[in-house]
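For reference, the structure is listed below as structure tokens.
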Amino acid sequence: MLIGTTNLNTTLNLTYVLTDVVETLLLDMRSEMKKQGYDLRHDAKHNFNTAIAAIRWLKQDVDKT
């Protein structure tokens, strides 16, 4: 086993969990807004979609390692 591997694995696992939590919270917030009849405006919707895409990209990269 390489020195520092355990620390790296822990960091990667935490990164994956935190990005998963953020993604879940954002998607739940958007779902709740839609239930109440609200929607994001154009700029906010663009930023939201960019954030979700970045989170999924990050989760995919962390999952590969």
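Across the accessible surface of the chain, with the other protein chains kept in place and a 1.4 Å probe, carbon and sulfur atoms take up 60 percent.
Computed over the chain, the range of Cα coordinates on each principal axis works out to 54, 18, 13 Å, biggest value leading. Ligands, DNA and RNA are left out, and with a 1.4 angstrom probe the accessible area of the chain is 83 Å² per residue.
The values are calculated or read from the model by the stated rules, or taken from the named source; none is laboratory data. Note that the structure is predicted; figures quoted are calculated from it, not measured. Each accessible area value is taken on the protein alone, full model and side chains, heavy atoms only, with ligands, DNA and RNA left out. Shrake-Rupley method; radii C 1.70, N 1.55, O 1.52, S 1.80 Å.
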